[in-house]
Amino acid sequence: MSSIEAASRKKGGSASHFRNLSIIRVVASLLLLLGSVVVLFPLAWMLSTALKSDAEVMVNSSLIPKAWAWDNFVKAWNSAPFGTYLKNTVFITVLGTIGSLVGNSLAAYGFAKIKFRGRELVFLCALGTMMIPGMVTLVPTYVLFSNLGWVGTYLPLIVPAFTAGAYYTFLLRQSFMSIPMSYNEAAKLEGANEMQIFTRIILPLSKPILTTIVVFEFKAKWNDYFGPMLYLTSEKQYTLQLGLRTFRGTAGVEWQKFMAASLIVMAPTIIMYAIMQKYILEGMAQGGIKG
Amino acid sequence: MQEQKKRPLRWLMWALPLIGFALLWVPSLNIGRFFDLTPDWTYHDTLTRSMEYDQLFSRAAPGVRPLFAYHAMMIFCCFVPLVGYAVQVIGAGLAASAGKFRQLKIGDGILLGGALANLLAACGSVWAAGSAMSRAAELAPQVTYHVPAGAAVLGVLAVGQIILFVVNNRARMKADLTYMPMSRSEKRENLKGWAFISPFVIGFAVFTAYPLISSAFASFTYYNITAVQKWYGVRNFTNLFVNDDVFWLSMGNTFYYVFISVPLVIILALLLALLMNTRGPMMGFFRTVYYLPNVLSGVAVFLLWQWILSPTNGLLNNFLAVFGIKGPAWLLDAKWTKPALIIMRCWSVGGTMILLLAALQNVPVDLYEAGELDGAVGFRKFWHITLPMISPTLFFVMVTGFSGAFQIYDSAYILAQDGGPGKSLMFYNLYLFNTAFSEQSMGKASAMAWVLFAVIMVFTIIQQTASNRWVYYEGGTDK
């Protein structure tokens, strides 16, 4: 009914609040350009600071360094065991992302494609708890992990990812539900079992939303500060985010080194975003993931 | 059609849980004690009189665990029925509202919930009493222990309830001609479904449901992670409201932040989205750039901002100096710390903008054409067409924005863990975090978390109620 009607309607066109569009467009573009300079400036400043020499950093306030101190990156990297931190971060991030993908998509498939008793009830329970602030569960979860003896290991950072969270499950379920049930029925007639349908039909058809979730999980795990801070006790286990903390020494921050290290730490997320931004922005617009 | 047989002993399904409630819960409820605000620990006089207060509740004294177990039993006996009866009420409500649950009627919900609660309470008290009595007697012989006679009563009740449920179900199945037993393929579907969602169910039980219950319980206890948990009544809450200045300060700071940053971000995002929606050149590029700050987070970004906001050599003050303005000390000046954080928040306005832009792009063109025919231009078009059409998204952005802003703490923690100058950055969640992990007062922290939840809930409900007046859902209320 109305959804079909709506689909045939031409969308999107607030294009014109105003009559003389071309002037408005130029003005809008100029304003947006100004805005994007404001948004990008801190990052440009970061890069420029990272390239200034020790002597220059507090004196030269222009954006372009006089001498390009590329070795800041090397110095920063070597000022703490960042190699180890990188290894740890990659380990946590990769396992966490895989876990979240597996757990969430399995659950979403169950909710979207299989009819069973209690499905609506469980789903309602999950949705109902999404409003509860994270701090409510943080304390008991910490106590739970500490009673299990998991504090000081990577387990608290990885295991929960495998057990699926309400939010991603909800998003994936929406996406799976948009795939017609007739695919499932046809595949069943061909003799495929549920697992085969899931891996060969449903997953490949849901690449955009899966990509979005990968990126967001990756970003969340890579940038996570509080999880590692609470649960990792020895310096050998530290992640990059905890490593960055070491620049806040007692003698003040060495900004050029800190910026260099920050850029290295931020690089994977930026690159990932640059490659996948189309998917991410679409996914964002559809599902409303808060980044 | 066959006449529906009267179900046997119908009154018993209501009566049994009530009997259990009366027998066990009412005497131990002790309402006066629950609200007892005197600082002394007087809940179990016999217990406290026998041993020193500190000795009793710290792990330093070896062998107090059996006493704790005894104590836990008492709490357990009081608490589990309470939870159990709550479960029963909720279960009954769900069973009544969801007609889909085949054959499950209100009475059955109550019956099953009651059986579960009573069984749990019975097992719990037997277990606790057993482990407590075995050693507590030799440790503190002067204490008299209650025999958990209630456990036996509860056990009998639970068994009775289960039998009654089965009998009832049989009777109804025979009476109801439309009832079809589950076929084999249905059973297989059931099994498959639960297998697929099992990671979710386990995660939900362990990392959501259990922490929720545990936190609700902890908020009524004195709970230092290194010592033993003890019943504290509502004192955590009253202490917060009456005796705790930092609590009110942090609440005030949070409200300041929330009520300035949320409207500001939404207005800014809406303006940007409107500009983007003119579809001039390079919009793809702008979209990418504005969203970029949202994928960056963590220590690096916060410290970058610390550098930008630094009073003497910072980017922002250098920029202001160009216009001859002497910028404030931002993060070092109690008056300017929160504005500084709000500026930081505005930097990542792109997330909200993307959502609003998507909503704007979904407004059908013909509405504008119709509007033009009626002579609407510029602002009037925006006010009467655009705004109503994007109001569902605006509403979503508002609710999530408020709830997110109330929970701010990461930036404050990294910039100033102690709350900054004059504790001006001591946000509610930061105080909560410090209470939990620096002070290690888990009970107080749990109470704080629930207070925050209540505050957020109140705001969500207010917004929800108000939304009837301004949020417009195209195609009626069903979507």
Meets criteria (more than 10 Å from chain B (Cβ to nearest Cβ), touching a residue at least 60 places away in the same chain (Cβ under 8 Å), among the small types (Gly, Ala, Ser) and farther than 30 Å from A:GLU56 by Cα) for A:GLY96: yes
Selection status of B:TYR223, surrounded by fewer than 17 Cβ atoms within 10 Å (Cβ to Cβ), modelled with pLDDT under 85 and farther than 30 Å from A:ALA108 by Cβ: no
Total residues in region B:262-279, condition within 8 Å of chain A (Cβ to nearest Cβ) and surrounded by 20 or more Cβ atoms within 10 Å (Cβ to Cβ): 5
Subset of region B:400-420 that is β-branched (Val, Ile, Thr) and more than 12 Å from B:THR352 (Cβ to Cβ) - its residue that is nearest to the other protein chains (Cβ to nearest Cβ): B:ILE414
Helices (runs of 4 or more DSSP H) completely within region A:205-280 that count 2 or more residues being among the polar types (S, T, N, Q): A:207-223
Residue pairs meeting the criteria (Cβ under 9 Å; at least 6 apart or on separate chains; first within 12 Å of A:ASN184 (Cα to Cα), in region A:195-206; second assigned to a helix (DSSP H, G or I) and among the polar types (S, T, N, Q)): A:ILE197/A:ASN184; A:PHE198/A:SER105; A:ILE201/A:ASN184; A:ILE202/A:SER105; A:ILE202/A:ASN184
Helices (runs of 4 or more DSSP H) enclosed by region B:201-314 - at least 1 residues per element that are out of contact with any His (no Cβ under 8 Å at 6 or more places or on another chain) and among the hydroxyl-bearing types (Ser, Thr, Tyr): B:210-218, B:235-238, B:245-276, B:283-295
Any chance B:SER215 is within 7 Å of chain A (Cβ to nearest Cβ) and hydroxyl-bearing (Ser, Thr, Tyr): yes
When residues of region B:314-339 are limited to those that are charged (D, E, K, R) and under 20 Å from B:PHE427 (Cβ atoms), the one farthest from the other protein chains (Cβ to nearest Cβ): B:LYS335
Failed criterion for A:LYS188 (all others in (1) crowded, with 16+ Cβ neighbours inside 10 Å; (2) within 13 Å of chain B (Cβ to nearest Cβ); (3) over 18 Å from A:THR211 (Cα atoms) hold): (1)
Any hit, region B:406-419, residues being over 17 Å from the mean Cα position of the chain (by Cα), over 15 Å from A:MET135 (Cα atoms) and surrounded by 24 or more Cβ atoms within 10 Å (Cβ to Cβ): yes
Hits in region B:444-479 - residues which are at the interface with chain A (Cβ under 9 Å from one of its Cβ atoms) and at pLDDT 90 or above: B:ALA445, B:SER446, B:MET448, B:ALA449, B:TRP450, B:LEU452, B:PHE453, B:ILE456
Condition met for A:THR97 (more than 29 Å from A:LEU203 (Cβ to Cβ) and assigned by TED's automatic domain parsing to the domain that holds A:LEU203): no
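Here's the yes/no breakdown for (1) surrounded by fewer than 17 Cβ atoms within 10 Å (Cβ to Cβ); (2) modelled with pLDDT of 85 or more; (3) more than 10 Å from chain B (Cβ to nearest Cβ):
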| position | (1), (2), (3) |
| --- | --- |
| A:SER14 | no, no, no |
| A:SER22 | yes, no, no |
| A:VAL27 | yes, yes, no |
| A:MET46 | no, yes, no |
| A:LEU51 | no, yes, yes |
| A:MET58 | yes, no, no |
| A:ILE64 | yes, no, yes |
| A:ALA69 | no, no, yes |
| A:LYS75 | yes, yes, yes |
Residue in region B:257-277 that is closer than 23 Å to A:VAL139 by Cα and in contact (Cβ under 8 Å) with a residue 60 or more places away in the chain present: no
Matching residues, region B:434-458, being among the β-branched types (Val, Ile, Thr) and over 14 Å from A:VAL139 (Cα atoms): B:VAL451, B:VAL455, B:ILE456, B:VAL458
So A:ALA164, is it at positive phi and touching a residue at least 24 places away in the same chain (Cβ under 8 Å): yes
Residue check for A:GLN174: among the polar types (S, T, N, Q), more than 10 Å from chain B (Cβ to nearest Cβ), crowded, with 18+ Cβ neighbours inside 10 Å and in contact (Cβ under 8 Å) with a residue 40 or more places away in the chain: no
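The values are calculated or read from the model by the stated rules, or taken from the named source; none is laboratory data. This structure is a prediction, so every number in the text was calculated from the model and none was measured. Heads up, the Cβs are rebuilt from the backbone with ideal geometry, glycines too, and the neighbour counts pull from every protein chain shown.
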